[in-house]
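The values are calculated or read from the model by the stated rules, or taken from the named source; none is laboratory data. All of these numbers come straight from a predicted model, not from anything done at the bench. Here Cβ is always computed from backbone atoms with ideal geometry, including for glycine, and neighbour counts include all displayed protein chains. The accessibility values were calculated without ligands, DNA or RNA, using every heavy atom of the protein model including side chains. Shrake-Rupley method; radii C 1.70, N 1.55, O 1.52, S 1.80 Å.
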Amino acid sequence: MTRVCGCCRPRPLAVIALLAAAAAVYAYHVGRAPLAASEAYSALAAAQASVESVARSALSLDPGKPVLYHLLLHGFCRVVGQSEAALRSVSIAFGVAAVYFVFALGQELFGFEVGFCAAVLWAFNPLAGVLARWARMYSMLIALALGHVLAMEKVRRGSGVAMLLGAGVVGSAMLYVHFGAILIVAADLVVIFRELRRTGTSRCWPAAAIACILFLPFVPITIAQSRALLFGHWMDWLGVSKGSPSQMLLFGCGAAAAVLWLGLAAPQAERRREGLQQCLLYALVPMLALAAGSALVRPMFEVRYVSPSFAMLAVVAAYWLDCGGAWLRNLGTVAIGALSLMLLPLCYGAPRDPWPAIAAKIGAVANPSEPIFFEAGFFSPDGQVNPFPDQGFPQGFFRVPFDYYFHGANPRAVLPAAQPAAARKVIAAQLGHGGAWLVSARKWPDALAELPRGRDCRLDYSGRFSRISVFHVKPVPDR
Amino acid sequence: MAEAESGMQAVQMFRELKPDLVTLDVMMPVIDGIDSLVAFRTMRRENPQAAILVVSAVPFEKTRDTFTEEGALGYVIKPFTKFSFDQVRLRLGRVFPELDLR
């Protein structure tokens with residue numbers, strides 16, 4: 001009979017308990033908050049009738065996010081429905097998987113204690129909590145990126161062909177989830193370069209090659225979408241770089257020097273130290289690349305794009321705490337974990353999107369014949385409008401979250417972006433059916449300027465829902 | 001076979017032609033005072049035997065349920081694909097077995 005050592009038994013139980021606690025924290029009232037606008041675009045793709053339509057929706061309306069997440073969500077929603085909780089459940093599952101992979105990576109590199117502490121630090125921090133409850137692809141990106149890095153490390157330490165193939169396939173899957181994964185592959189290359197310098201050979205370069213080869217079919221779309229993202233005007237990328245040429249050059253050189261320093265730093269004889277440098281590379285290369293891109297091209301640094309790097313930093317933080325001894329490691333982990341848990345409710349209670357309230361308001365008042373107008377293009381959070389009418393969202397960015405909550409058959413129509421005179425004409429022409437609604441993301445005076453004026457119409461209702469303005473215009477009956 | 005551009009025109013043509021099958025777009029190109037839901041309900045009331053296929057760009061299940069719970073033969077999401085076309089063909093084959101829809 002095999003006897004289990006008493007001191008080892010609590011270890012798997014502790015990990016299972018941590019995963020269960022993370023799942024409970026992520027799932028707490030997950031369906032209560034209404035969908036945010038970007039989540040509604042995930043829902044739109046998932047709700048399509050066929051796989052082909054899902055891919056088309058994701059490619060046309062979610063640039064920079066290839067189709068894998070949307071296809072998975074589509075399959076999931078066909079089984080469990082399209083409620084807010086259902087849409088977010090996929091993210092919760094990947095969020096819990098990410099906690100496990102943080103643990104497994106920390107254990108692989110630095111031992112059980114560091115792995116467990118890293119998993120605690122990651123599980124309850126606000127970034128992990130928010131992304132695991134968001135019906136977007138970021139928690140899937142984190143889980144796959146960590147799984148890929150873990151598999152690469154196992155290959156580096158002598159695992160067989162199956163693990164090498166796994167590392168390649170998972171790396172490719174990560175690339176099919178979000179373009180941010182390209183930065184993880186870039187970090188792979190730097191780590192492989194270090195490995196070559198250290199040992200004269202690399203066991204894991206075939207895995208990186210497999211990941212890239214499997215992604216080749218999507219490369220033409222990647223190039224086209226990257227050009228649109230870098231030089232077009234999409235929601236998250238509004239604006240151009242404001243730094244002077246000398247500042248941009250200085251920053252670009254600084255970022256390149258930091259990556260070179262990390263890549264060329266003397267290889268460490270001790271395996272733990274080398275593992276730390278690899279973790280730092282996976283954490284810092286993506287961040288520096290996006291920061292340099294922001295300085296050189298246009299603003300593009302979003303925390304969620306480099307969220308896998310933050311998970312890697314949890315491993316680094318646990319290692320550093322461990323360097324101070326078991327007492328500091330355990331106390332530090334408990335303190336940071338408790339602080340994170342206290343911060344989580346603040347993140348969960350962030351301002352909610354107003355779409356159910358807007359849909360309820362219009363549904364309660366509207367005659368089903370009255371058209372509802374949206375503005376074409378897209379808007380920055382401060383209400384600035386896209387100056388290029390042929391880019392962005394020609395059907396109106398906010399129509400999708402509205403459609404998720406509004407189930408009436410009122411005709412939806414689009415107003416030209418940033419052309420108030422043309423907008424007034426379009427709305428006035430439709431007033432004959434009893435009235436018209438305008439759902440506007442512009443600033444209040446700009447939105448008012450889009451409404452028709454004169455003796456033959458009147459403003460029947462106006463309201464502000466968060467940053468969205470809603471107006472109801474009615475014709476004045478002939479006297 | 002006939003095509004209407006607005007809800008009101010659709011209801012008029014429905015009364016005149018008494019069709020067995022109607023495909024109804026939820027968001028019609030011309031707004032004329034009768035929206036698709038009113039047109040749909042009018043047709044269902046006046047001839048419950050007529051099969052009505054609702055076509056829409058809104059794929060969400062609650063909007064779909066609005067029509068299917070009131071007796072629509074099907075709710076087809078635009079843009080059409082071979083998959084959605086096959087689904088429609090199967091449903092039509094069940095309702096109109098005399099048709100050869102292979």
Check your understanding: Mind checking which pairs have a first residue in segment A:352-372 that is within 13 Å of another protein chain (Cβ to nearest Cβ) and under 19 Å from A:V473 (Cβ atoms) and a second that is buried (at least 18 other Cβ atoms within 10 Å of the Cβ) and β-branched (V, I, T), Cβ under 6 Å, 6 or more apart or different chains?
Key -> A:P371/B:I31
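Could you list, in sequence order, all residues of segment A:310-331 that are open to solvent by less than 40 Å² (accessible area, probe 1.4 Å) and without any contact (Cβ under 8 Å) to a residue 60 or more places away in the chain?
We begin by selecting, within segment A:310-331, every residue open to solvent by less than 40 Å² (accessible area, probe 1.4 Å); these are A:311-312, A:314-319, A:321-322, A:325, A:329.
A:V316, A:G325 - these are the residues of segment A:310-331 that are open to solvent by less than 40 Å² (accessible area, probe 1.4 Å) and without any contact (Cβ under 8 Å) to a residue 60 or more places away in the chain.
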Practice item. Would you confirm whether any residue within segment A:192-199 is open to solvent by less than 20 Å² (accessible area, probe 1.4 Å), within 18 Å of A:M152 (Cα to Cα) and not in a helix (DSSP H, G or I)? Key: no
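Return yes when A:F373 is open to solvent by less than 10 Å² (accessible area, probe 1.4 Å) and either modelled with pLDDT of 90 or more or assigned by TED's automatic domain parsing to the domain that holds A:L105 (or both) and no when it is not. Working first, answer last.
Numbers: open to solvent by less than 10 Å² (accessible area, probe 1.4 Å): yes; either modelled with pLDDT of 90 or more or assigned by TED's automatic domain parsing to the domain that holds A:L105 (or both): yes.
It is true that A:F373 is open to solvent by less than 10 Å² (accessible area, probe 1.4 Å) and either modelled with pLDDT of 90 or more or assigned by TED's automatic domain parsing to the domain that holds A:L105 (or both).
Given the condition assigned to a helix (DSSP H, G or I), basic (K, R) and either more than 14 Å from every other protein chain (Cβ to nearest Cβ) or under 15 Å from the mean Cα position of the chain (by Cα) (or both), answer yes or no: does some residue in segment A:75-93 qualify?
So in segment A:75-93, the residues assigned to a helix (DSSP H, G or I) come out as A:75-80, A:84-93.
Still in the running and basic (K, R): A:78, A:88.
Next, only the ones that are either more than 14 Å from every other protein chain (Cβ to nearest Cβ) or under 15 Å from the mean Cα position of the chain (by Cα) (or both) stay: A:88.
Within segment A:75-93, one or more residues are assigned to a helix (DSSP H, G or I), basic (K, R) and either more than 14 Å from every other protein chain (Cβ to nearest Cβ) or under 15 Å from the mean Cα position of the chain (by Cα) (or both).
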Check your understanding: Of the residues that make up segment B:8-25, is at least one open to solvent by 20 Å² or more (accessible area, probe 1.4 Å), assigned to a helix (DSSP H, G or I) and within 12 Å of another protein chain (Cβ to nearest Cβ)?
Key -> yes
Exercise for review: Could you list all residues from segment B:62-74 that are at the interface with chain A (Cβ under 9 Å from one of its Cβ atoms) and not charged (D, E, K, R)?
Suggested key: B:T63, B:T66, B:F67
Review point. Of all residues in segment A:36-66 being surrounded by fewer than 21 Cβ atoms within 10 Å (Cβ to Cβ) and closer than 23 Å to A:P356 by Cα, which is nearest to the other protein chains (Cβ to nearest Cβ)?
Key: A:L61
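Here's the yes/no breakdown for (1) open to solvent by less than 30 Å² (accessible area, probe 1.4 Å); (2) closer than 19 Å to A:A283 by Cβ; (3) out of contact with any Ser or Thr (no Cβ under 8 Å at 6 or more places or on another chain):
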site: A:I92; (1), (2), (3): yes, no, no
site: A:A104; (1), (2), (3): yes, yes, yes
site: A:E108; (1), (2), (3): no, yes, yes
site: A:R157; (1), (2), (3): no, no, yes
site: A:V161; (1), (2), (3): no, no, yes
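With respect to A:L216, determine if the residue is closer than 22 Å to A:Y176 by Cβ, open to solvent by 60 Å² or more (accessible area, probe 1.4 Å), modelled with pLDDT of 85 or more and in the same structural domain as A:F301 (by TED's automatic domain parsing). Walk me through how you get there before you give the answer.
Numbers: closer than 22 Å to A:Y176 by Cβ: yes; open to solvent by 60 Å² or more (accessible area, probe 1.4 Å): yes; modelled with pLDDT of 85 or more: yes; in the same structural domain as A:F301 (by TED's automatic domain parsing): yes.
Answer is yes for this residue.
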Check your understanding: Which residues, counting only those in segment A:167-189, are open to solvent by 30 Å² or more (accessible area, probe 1.4 Å) and more than 18 Å from the chain's Cα centre (by Cα)?
Key -> A:V169, A:V170, A:A186, A:L189
**Study point:** Subset of segment A:69-86 [open to solvent by less than 30 Å² (accessible area, probe 1.4 Å) and within 19 Å of A:R56 (Cβ to Cβ)]
**Key:** A:Y69, A:H70, A:L73, A:H74, A:C77, A:Q82
Check your understanding: Could we say that A:V306 is among the β-branched types (V, I, T), surrounded by fewer than 20 Cβ atoms within 10 Å (Cβ to Cβ) and assigned by TED's automatic domain parsing to the domain that holds A:V259 here?
Key -> no
Review point. Taking segment A:396-423 as the search range and keeping residues that are part of a helix (DSSP H, G or I) and open to solvent by 20 Å² or more (accessible area, probe 1.4 Å), which one is farthest from A:A449 (Cα to Cα)?
Key: A:Y405
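Take the conditions closer than 30 Å to A:R156 by Cα, in a helix (DSSP H, G or I) and open to solvent by 20 Å² or more (accessible area, probe 1.4 Å) and apply them to A:E113. Does it pass?
yes
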Check your understanding: Quick one: what pairs do we get from segment A:398-424, first residue assigned by TED's automatic domain parsing to the domain that holds A:F374 and of a type in the set (F, W, Y), second assigned to a loop (DSSP other than H, G, I, E, B) and open to solvent by 20 Å² or more (accessible area, probe 1.4 Å), C-beta under 8 Å, 6+ apart or different chains?
Key -> A:Y405/A:P34
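Yes or no, residue by residue, for (1) at pLDDT below 85; (2) touching a strand residue (DSSP E or B) at 6+ places or on another chain (Cβ under 9 Å); (3) within 14 Å of chain A (Cβ to nearest Cβ):
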{"position": "B:E46", "(1), (2), (3)": "no, no, no"}
{"position": "B:Q49", "(1), (2), (3)": "no, no, no"}
{"position": "B:F60", "(1), (2), (3)": "no, no, yes"}
{"position": "B:V76", "(1), (2), (3)": "no, yes, yes"}
{"position": "B:F80", "(1), (2), (3)": "yes, yes, yes"}
{"position": "B:F85", "(1), (2), (3)": "yes, yes, yes"}
{"position": "B:F96", "(1), (2), (3)": "yes, yes, no"}
{"position": "B:L99", "(1), (2), (3)": "yes, no, no"}
{"position": "B:R102", "(1), (2), (3)": "yes, no, no"}
